[in-house]
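A quick write-up on the structure given underneath.
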């Protein structure tokens, strides 16, 4: 009797597992490249920041942020990604190089972040600023 019950449960589990299909869609987003239009900037110049992002599906309301320059650079935008390669471009006017109203000459890390739900990708690039 015990063997018959076990056999019945085993057949029942086989039948159930054969009748149900679960498809799990996996989100894949990859930050392929992060570039600026120059590596050396001068006081008050315009800096163009471009990220190349690859997505395996269309995504809406993806948050993109760029930070750096001792808190002076703080951009955030919501963008939509299409399946495949996407180019995200942001523009920022650098502050004046002086002690009173801006920043000192030197090298600065620019941090780029892209997030959507639980997914977050970060990268950074270093630029040089001179008078």
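The values are calculated or read from the model by the stated rules, or taken from the named source; none is laboratory data. Every value quoted in this text rests on a predicted model; they were computed, and no experiment measured them. Every residue, glycine among them, receives a Cβ derived from its backbone with ideal geometry; neighbour counts consider all protein chains shown.
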| task | Just give me the residues in segment 30-49 being surrounded by 15 or more Cβ atoms within 10 Å (Cβ to Cβ) and either part of a strand (DSSP E or B) or at positive phi (or both), in sequence order. | result | 31, 34, 36, 41, 47, 49
| Neighbours by Cβ (under 6 Å, 6+ apart or cross-chain): first from segment 16-35, at pLDDT 50 or above; second surrounded by 10 or more Cβ atoms within 10 Å (Cβ to Cβ) and in a loop (DSSP other than H, G, I, E, B) | 28/56
